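> Got a structure here, written out as structure tokens. Questions coming.
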Amino acid sequence: MNLISIADLSAEEISLVLDRADELKARRNDPKSRSILAGKSLATIFEKPSTRTRVSLEVAMTDLGGHALYLSSKDLQLGRGETIVDTARVLSRFVHGIAARVYHHSTVEELGRYAAVPVINSLSDVEHPCQILADLMTMRERFSRLEGLKVAWVGDGNNVCNSTILAAALMGMEMVVASPPGYGPNRKILDQADRLGGGTVVVTDPVKAVRGADVVETDTWVSMGDEAETAKRTAAFGRYQVNAGLLRHAKSDAIVLHCLPAHRGQEITDEVMDGPQSLILDQSENRLHSVKAVLEKLMV
């Protein structure tokens, strides 16, 4: 089994992964955990730089008794023209799993097709399923449920937004996205969410999106690979900042999430990011516990 899209998991499987993540978080220092992936290795391919993804994967493998290999594009023959097919087939002879953080979704899809071991999408330009599992874990820790929650996404309809849309459909959450015209979520993802039974509402007014929300989520306005559009995007997203004024339209007990890294003062203010409604650090920590549950599910 691979985890290329969050929709590769059913609602029941997501709930079981989150249950297991809760257990692993509560018993992190239990020496029995060190035997879960004892003797197993994970190849981690990074075409993009990373803090949370790299650290969570490496620490997760260590905590579970396994070993992670960091492989940048400069370390692999991929950087010199070796095909993805050959890379997938060769790595499958060495390791027990592959996690890939890539520019193009087609890369991780091709790895998944040709690898004989599980492949995990650790970020592509279309989805970020590992991040969404951490987000769901954080929501559930606060509200003790997912079904019926209203999630407001404010900003770029990017890869994290896409995976949130699919997760919301699977888990029975209401999802509203507020983006400037031309920067909304992927149309194919929206159609897929409709087929899963949970349509997402897309608006241009951030106040409308946030009104009555349990969760307010945002991300950088300029993702890796979009740097050439920085000035254009900064101008387009000016009124999509998550600040105290916007947050007042959400529920009084609403939480704020951001997958990081954040550009403080742009998509989110210091006041909100460091405020009492922010669970951003919990969300970040939960990258570790949720990916442990994923690794156990796929590699045991």
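> Picking from GLU13, GLU47, which residue would you name as being under 23 Å from VAL126 (Cβ atoms), surrounded by fewer than 16 Cβ atoms within 10 Å (Cβ to Cβ) and of a type outside the set (Phe, Trp, Tyr)?
Every option except GLU13 fails the conditions.
> For segment 17-52, give me the residue count where each residue is part of a helix (DSSP H, G or I), among the hydrophobic types (A, V, I, L, M, F, W, C) and in contact with a Leu (Cβ under 9 Å, 6 or more places away or on another chain).
Final tally of qualifying residues: 4.
> Taking SER163, is it small (Gly, Ala, Ser), assigned by TED's automatic domain parsing to the domain that holds LEU196 and within 11 Å of the chain's Cα centre (by Cα)?
Answer is yes for this residue.
> On to the next question. Give segment 1-16 a look and list any residue that's assigned to a helix (DSSP H, G or I) and over 22 Å from TYR114 (Cα atoms), or say none.
Selection gives ALA11, GLU12, GLU13, ILE14, SER15, LEU16.
> What's the number of the only condition in (1) without any contact (Cβ under 8 Å) to a residue 24 or more places away in the chain; (2) within 27 Å of LEU16 (Cβ to Cβ) that GLY172 fails to meet?
(1)
> Ok, one more. Would it be correct to say that GLU12 is more than 21 Å from VAL300 (Cα to Cα) and of a type in the set (Asp, Glu)?
So GLU12 does not fit the description; no.
> Name the pairs: first residue in segment 31-54 and over 17 Å from ALA99 (Cα atoms) and in the same structural domain as ASP75 (by TED's automatic domain parsing), second residue among the hydrophobic types (A, V, I, L, M, F, W, C) and part of a helix (DSSP H, G or I), Cβ to Cβ under 9 Å, at least 6 apart or on different chains?
Hits for this filter: SER33/LEU24; ILE36/LEU24; ILE36/LEU295; ILE36/MET299.
The values are calculated or read from the model by the stated rules, or taken from the named source; none is laboratory data. Because the structure is predicted, anything quoted here is derived from the model rather than measured. Heads up, the Cβs are rebuilt from the backbone with ideal geometry, glycines too, and the neighbour counts pull from every protein chain shown.
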